[in-house]
Amino acid sequence: MHLLLRWMRRCGRHSRSHMPRRLKQPVSYIRLIFKSLYFNSLTNSEVVLDCILEPVFWMVEVVTRWFGMVFVFLVVALTSSVVFIAYFCLLPLVLQTYSPGWMMWHICYGHWNLVMIVFHYYKATKTPPGYPPKIKNDVPFVSFCKKCVIPKPARSHHCGICKTCILKMDHHCPWLNNCVGHYNHRYFFSFCLCLTLGCMYCSISGRNLFIDAYNAIDEVSQPPYTYKDRMFHKSVIYMWVLTSTVAVALGALTLWHAVLITCGETSIERHINNKEAKRGKVYRNPFSYGKLNNWKVFFGVEKRSHWLTRVLLPSGHTPYGDGLTWDIYPLKKDMMQKIF
């Protein structure tokens, strides 16, 4: 917008001397009207630019919201296809060839991983991330949302797709068709971690089967395979390629969120904190209470047994606090240090 005004000002100065006298007055009026839309106490260049790009933002939000349902369907369909192949193609092979010890390992681990994935994905999609109150209250706030017209508590941000402010917002996830916030952040991370482990498990354990199936399909003079054999080989290749790709991509995302949790930050806060640190001042994140304590607060671990009941097993417990104030965390930090 500044460049546009500068260009118009230069063009006006250059053409003013060559402009006919009868056109100078209408052009001056047009320039005055344009400036009146920009130079006032209630607007600036960012507001004008947002108004101009509002149709584009609206289209992106509508498309993202619509594709969110498509992404959820893809997650369910692709995961179900891998589970179908594991049950009807690989499990009979495991029961026939593996020793009893390895057989029990695959059955127990595979079903534990599947239960964790299904539980945390369902909870991440269905659990509201948390919203600031829209009525007058005494909760302290750090800013004011111009779109929701409500006070914004610490760590809350506005989501343009959900059209509301989110408590402790991390990001809007199209694969969940939901925002990741205060009440479902743990479900989101646990789902990513369990799905990554499940894909790594399928990729590693199915490597030899993939090589055999690939060589069988790639042979020039193929033996007389039946239709069932060809479908088995293609299913193994499909499962291995899909799980290996997801393991790499989702593993990188999970690792990034693990770093953020260790630092006591969300994705949005990391971006803001990096800006603060670049100002030449020593910046300390006020929501970080030490690496181990950040993980305890994130998972809601208060005693030793919670590492089993709340981390390694499905748990629907709510996170600490209400997402509006954060003064509870220093007390929890001291308490957990004494317990451990």
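The values are calculated or read from the model by the stated rules, or taken from the named source; none is laboratory data. Everything numeric in this text was worked out from a predicted model, so none of it was measured. Counting neighbours? That spans all protein chains shown, and the Cβs are built from the backbone with ideal geometry, glycine included. Calculation scope for accessible area: heavy atoms of the full protein, side chains included, ligands and nucleic acids excluded. Shrake-Rupley method; radii C 1.70, N 1.55, O 1.52, S 1.80 Å.
Per-residue answers, yes or no, for (1) open to solvent by 60 Å² or more (accessible area, probe 1.4 Å); (2) out of contact with any strand residue (DSSP E or B) (no Cβ under 7 Å at 6 or more places or on another chain):
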position	(1), (2)
Leu114	no, yes
Val149	yes, yes
Ile166	no, no
Asn178	no, yes
Tyr183	yes, yes
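Going by the structure shown, is Ser190 open to solvent by less than 30 Å² (accessible area, probe 1.4 Å), at pLDDT 90 or above and out of contact with any His (no Cβ under 6 Å at 6 or more places or on another chain)?
It is false that Ser190 is open to solvent by less than 30 Å² (accessible area, probe 1.4 Å), at pLDDT 90 or above and out of contact with any His (no Cβ under 6 Å at 6 or more places or on another chain).
At pLDDT below 90 and either acidic (Asp, Glu) or crowded, with 16+ Cβ neighbours inside 10 Å (or both): does that describe Leu209? Criteria met by Leu209. Only residues that are in contact with a His (Cβ under 9 Å, 6 or more places away or on another chain) and in a helix (DSSP H, G or I) were counted in region 270-307, giving 4.
The number of residues in region 67-104 being over 30 Å from Asn177 (Cα atoms) and either of a type in the set (Val, Ile, Thr) or at pLDDT 90 or above (or both) comes to 3. Among the residues of region 212-229, are any among the small types (Gly, Ala, Ser), touching a strand residue (DSSP E or B) at 6+ places or on another chain (Cβ under 8 Å), crowded, with 22+ Cβ neighbours inside 10 Å and not in a loop (DSSP other than H, G, I, E, B)? Scanning region 212-229 turns up no residue that is among the small types (Gly, Ala, Ser), touching a strand residue (DSSP E or B) at 6+ places or on another chain (Cβ under 8 Å), crowded, with 22+ Cβ neighbours inside 10 Å and not in a loop (DSSP other than H, G, I, E, B). Pairs meeting the criteria (first residue in region 158-185 and under 20 Å from Phe298 (Cβ atoms), second residue open to solvent by 40 Å² or more (accessible area, probe 1.4 Å) and part of a loop (DSSP other than H, G, I, E, B), beta carbons under 6 Å, at least 6 apart or on different chains) are Cys179/Cys162. For beta carbons closer than 7 Å, sequence separation of 6+ or different chains, a first residue in region 312-324 that is without any contact (Cβ under 8 Å) to a residue 60 or more places away in the chain and a second that is part of a loop (DSSP other than H, G, I, E, B) and surrounded by fewer than 17 Cβ atoms within 10 Å (Cβ to Cβ), the qualifying pairs are His317/Gly300; Tyr320/Gly300. Taking the condition assigned to a helix (DSSP H, G or I), under 24 Å from Leu242 (Cα atoms), in contact with a Cys (Cβ under 8 Å, 6 or more places away or on another chain) and open to solvent by less than 40 Å² (accessible area, probe 1.4 Å), does His120 pass? So His120 passes the test. Out of all the residues in region 214-241, which are of a type in the set (A, V, I, L, M) and at pLDDT 85 or above? Within region 214-241, Met231, Val236, Ile237, Met239, Val241 qualify.
Would you confirm whether any residue within region 123-138 is under 30 Å from Met200 (Cα atoms) and among the small types (Gly, Ala, Ser)? Yes. Checking the structure you have, find out if any residue of region 125-142 is surrounded by 14 or more Cβ atoms within 10 Å (Cβ to Cβ), free of Cβ contacts under 8 Å to residues at least 60 places away in the same chain, in a helix (DSSP H, G or I) and not aliphatic (A, V, I, L, M). Checking region 125-142: at least one residue is surrounded by 14 or more Cβ atoms within 10 Å (Cβ to Cβ), free of Cβ contacts under 8 Å to residues at least 60 places away in the same chain, in a helix (DSSP H, G or I) and not aliphatic (A, V, I, L, M).
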